[in-house]
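The values are calculated or read from the model by the stated rules, or taken from the named source; none is laboratory data. A quick note: this is a predicted structure, and the numbers were derived from the prediction, not measured. No Cβ is skipped: glycine too gets one built from the backbone with ideal geometry, and neighbour counts run over all protein chains shown. When the accessible area is computed, the model is the full protein with side chains, heavy atoms only, and any ligands, DNA or RNA have been set aside. Shrake-Rupley method; radii C 1.70, N 1.55, O 1.52, S 1.80 Å.
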Amino acid sequence: MEVETIFALSSGAARSGVAVIRVSGPAVPEILGLFLDKPVRPREATLRAIRDPRDGSLLDRGLVLHFPAPHSFTGEDVVEFQTHGSVAVMRQLLARLSDVPGLRAALPGEFTRRAWLGGRMDLLDVEALSDTLAAETELQRKLALDGSRRLRGMSTEWRRALMGLRARVEAEIDFGDEGDVLDRLDSETERDIRHLAEALRQAASSLRIGQKIRTGFRVAILGEPNAGKSSLLNALVDRDVAMTSPLPGTTRDIVEAVADLDGLPVIFMDTAGLRSNAADELEAEGMRRSMRAGESADLVIWASAIDSPSKPFDTRFLVVNTKGDLGPRSADGSLVVSSKTGEGIDSLTKEIHRRAGIERFDFEQGYGALVAHERHAQCLLRAADALHRAIGHDAIAMDIRAEELRVACDALDALVGRISPDDVLGEIFSRFCIGK
């Protein structure tokens, strides 16, 4: 099947200093001849006049970079036009490219998909790239770049160990007496299979923390009316995102704001005040939404005003005494904050960071595998389940044990993309923007 040549704007669509338009596929040499009046040397940025193929008129002057196959991002012939970031220039160049027979606009993530198909990347690389592009905090950046590298290294070690275990079991099949194929595994092999399964499960269990770094740690602020919840939200995110008033009931709906707490993205949710009897149906609906926010949150802060203390209805809540500038300190050791003076806000943010549970993953000193995607955890758990089945009980034929080890190996192969269903690939590549 003939490979199509694709093109897309790889930089932002808004006006900017520089725009990058990328073309990939077998028609790239033809594109160079159509749009340039002089050739360019491979892998060198060259200033050229970029001309309209219809009449030779000037479209723009910009840098042109040609990356011949296979030494390019996609593994195909690639050319990048780095033009002025004028909306008119971008629009005209894209329109003229679309006029060329055999060229078409790229789909979201199609350049990266071609890099994967060409063996330039594995699926962990693809997901790391997607996460890097989406990263907004330092921990997200480190997880995207360093976490995938560590997970790949660990998966390579796991697969190597698994291949050794498969060799042991299959040797028993090949060289053992026919009557011995139902015999139990030797104790060393059984122990090694069990340890490998435990290592895979432990790695999969880090999904909760990895996802909180990648997608955000959700914190709901609950409390009675006029407990200072909105003021606390504003103090935590260091900007005015919620209206505040001394009158109770100012907040009727959920107000969300995102803050970067030492690299951890935290999604704070300010909620309507909770009390036994709502004044009207609107307040009742606000209270219902507050309860749903608390149920979906990773952590609930119970705001209790020092001048009007209240007890949370769940002992798992983090109690924070608000309005610390108004009254005496509580004797129960709860955190005391003042949104007006800033007292206690740093202590509260550190406590939130601690409760997110990421302190055991030291990105500077090193750590084990940290899983950030549900797909990764499912691959690891499928491998661990197969390993457990292989040692489930004594009355298992050796060929069945060997088959379970093969299933475990396939699950680890799926982790890096050696085996991947089309629906999984579609979901992964759909996260990318057009042009990447």
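May I ask you to derive the FRET efficiency for A45 and H71 from their Cβ-Cβ distance with R0 = 25 Å, giving the value to the nearest 0.05?
Details: r = 15 Å, r/R0 = 0.62.
It comes out at approximately 0.95.
Cross-link list K229/K340; K212/K350; K142/K229: which exceed 24 angstrom alpha carbon to alpha carbon? Working shown, then result.
Numbers: K229/K340 12 Å; K212/K350 16 Å; K142/K229 32 Å.
Cα-Cα > 24 Å for K142/K229; rest within.
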Top to bottom by accessible area (1.4 Å), largest first, where do S11, S290 land? S11, S290
Counting only DSSP beta bridges with both residues in the chain, tell me the antiparallel percent, nearest 5. 60 percent
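For every helix of n ≥ 4 consecutive DSSP H residues, a contribution of -39,500 (n - 2.57) applies; sum these over the chain, divide by its total residues, and give [θ] at 222 nm rounded to the nearest 500 deg cm²/dmol.
Details: 14 runs with 181 residues, N = 436.
Calculated mean residue ellipticity at 222 nm is -13000 deg cm²/dmol.
I need the chymotrypsin sites (Phe, Trp or Tyr not before Pro) found in segment 265-322, filtered to DSSP loop residues with at most 12 other beta carbons within 10 Å of theirs.
F313
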Once all Cα-Cα distances of segment 71-128 are split into 5 Å bins that start at 0, what whole-number percent is in each one? 4, 15, 20, 21, 18, 12, 9, 1
To check my understanding: the extent here is largest minus smallest coordinate of the Cα atoms along each principal axis. What are those three numbers for segment 43-111, in Å, largest first? 32, 27, 21
Diffing segment 37-45: the Karplus 3J(HN,Hα) column from phi (6.51, -1.76, 1.60, θ = phi - 60°), in whole Hz with x for Gly and Pro, holds 8, 9, x, 10, 7, x, 6, 10, 6
Considering only protein heavy atoms, what is the solvent-accessible area of T322 at a probe of 1.4 Å, reported in Å² to the nearest 10? 0 Å²
Which of the trypsin sites (Lys or Arg not before Pro) found in segment 41-104 are loop residues per DSSP with 10 or fewer other Cβ atoms within 10 Å of their Cβ? R54
Can you list, bin by bin at 10 Å, the percent of alpha carbon pairs in the chain, starting at 0? 4, 16, 18, 17, 18, 15, 9, 2, 0
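Could you order M291, M90, M121 so the one with the most accessible surface comes first? Probe is 1.4 Å.
The ordering from most to least exposed comes out as M291, M121, M90.
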Hey, what D do you get for segment 58-160 in µm²/s if you plug the Kirkwood alpha-carbon radius into Stokes-Einstein at 25 °C and 0.890 mPa s? 150 µm²/s
How large is the accessible surface of H376 in square angstrom, using a 1.4 angstrom probe and rounding to the nearest 10? 10 Å²
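Probe radius 1.4 Å, ligands and nucleic acids ignored: give me the carbon and sulfur share of the accessible area of the chain as a rounded percent.
Details: 11130 of 21650 Å².
Carbon with sulfur: 51 percent of the solvent-accessible area.
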Using a 1.4 Å probe, how large is the accessible area of F217, given in Å² and rounded to the nearest 10? 0 Å²
